[in-house]
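Take a look at the structure set out below.
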Protein chains: 2
Amino acid sequence: MSKQTLTVLEPDVCCAPLATSAVPAEAAADLAASFKALGDPVRLQLMSMIASADGGEACVCDLTPAFDLTGPTISHHLKVLREAGLVESDRRGTWVWYRANRPRLAALSALLDVAPAA
Amino acid sequence: MSKQTLTVLEPDVCCAPLATSAVPAEAAADLAASFKALGDPVRLQLMSMIASADGGEACVCDLTPAFDLTGPTISHHLKVLREAGLVESDRRGTWVWYRANRPRLAALSALLDVAPAA
DNA sequence: CCCTTAGGTTGACAGATCTCGAAGCAGGCG
DNA sequence: CGCCTGCTTCGAGATCTGTCAACCTAAGGG
């Protein structure tokens, strides 16, 4: 697996449900990167805390104390989520705020959708 | 991250959309394991090939030649998907057939669902 | 029986990942 | 200006992961 950052990352890379048609190799690399980012308990919780936060935004200062991990580690996980295109960050004065990339989440959700009208 | 196989793996471990309420730590470990399994381009393609296969089943003999990888490697990836509860296997005579665990996929899809009734 | 074919298991190795402590950068306060 | 706090980046160590070659098991055919 190469270290390169994927340049695709459009919210709607591939939306045909996985159970409907096979995912092409190029799209698979991009989509798998997002799933991999969610493939860590800490990041999944971070993602959910951010996405479900009041106002749709969460401050790092609120996220960090929720885990038994050091600041740098949380920062690292947030960076992974950022590079996967799942969240966006925004510095506001002293604190940094994170918000979820809804369209991206929706695309992933649609991909895993099975037989909506079975 | 421990090596232990999680014992939970019920299809409906946690279904409240990630954007609605934060995922509890215990559920996060289980769910993240599934996302991690999908976090590899090869496995994501395998998953889609199996889920979209005619009759809902795919033979390993059809999956392996679709990649530029050796048999053992494909076997390893299928094992990961199996242990993540995403697919089930079934030997039928000479060949082994795989089919998707639809409920599990549905649960993951629901988790990533954003603004169901926005 | 022996052999061939389909898959899975084992062992090994390069590369990636998670975690931390130390150091760096940005913004606010005295 | 000088310092403190919040967050990120850097460097390092232990662990995990993807891949292959070699080997093993199961099923079917002479």
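The values are calculated or read from the model by the stated rules, or taken from the named source; none is laboratory data. Keep in mind the model is a prediction, meaning the values are calculated, not measured. Here the Cβ positions follow ideal geometry from the backbone for every residue, glycine too, while neighbour counts run over all protein chains shown. Accessible surface areas use protein heavy atoms only, side chains included; no ligands, DNA or RNA. Shrake-Rupley method; radii C 1.70, N 1.55, O 1.52, S 1.80 Å.
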Practice problem: Output the Cα-based Rg and Dmax of the range B:25-112 in Å, rounding Rg to one decimal and Dmax to a whole number. | Solution: 13.0, 42
Quiz prompt | Amide H partners (placed H, <5 Å) of A:Val87, local residues excluded | solution = A:Arg82, A:Asn101
Quiz item: Are there residues in the range A:79-118 whose accessible area shrinks by at least 30 Å² when all protein chains are included rather than the chain by itself, and which are they (probe 1.4 Å, ligands and nucleic acids not counted)?
Solution: A:Arg102, A:Leu105, A:Ser109, A:Leu112, A:Val114
Quiz item: Zone of B:Glu57 (label point 7 Å along Cα→Cβ, backbone N under 15 Å): which residues in the range B:82-118?
Solution: B:88-101
Quiz item: Just how large is the dipole of the range A:38-118 about the Cα centre, in debye to the nearest 20, putting +1 at every Lys and Arg Cβ and -1 at every Asp and Glu Cβ?
Solution: 200 debye
Quiz item: Which Cα, out of B:Gly93, B:Leu46, B:Phe35, lies furthest along the positive dipole direction of the range B:25-112 (beta carbon charges, K/R +1, D/E -1)?
Solution: B:Gly93
Quiz prompt | Å² of accessible area per residue within the range B:25-112, as computed with a 1.4 Å probe and no ligands counted | solution = 41 Å²
Quiz prompt | Nearest-10 value in Å² for the accessible area of A:Glu88, using the 1.4 Å probe | solution = 90 Å²
Self-check item: Calculated label separations, B:Asp54, copies of the chain, 7 Å along the beta-carbon direction, nm
Solution: 5.7
Quiz item: In whole percent, how big is the carbon plus sulfur part of the accessible area of the range B:25-112, probe 1.4 Å, protein atoms only?
Solution: 54 percent
Exercise. Find the sum over both chains of the accessible area lost when B and A are paired, probe 1.4 Å, and report it in Å² to the nearest 100.
Key: 2800 Å²
Quiz prompt | Per-pair calculated FRET efficiency, R0 = 35 Å: B:Thr20 and B:Asp90 via Cβ, rounded to 0.05 | solution = 0.45
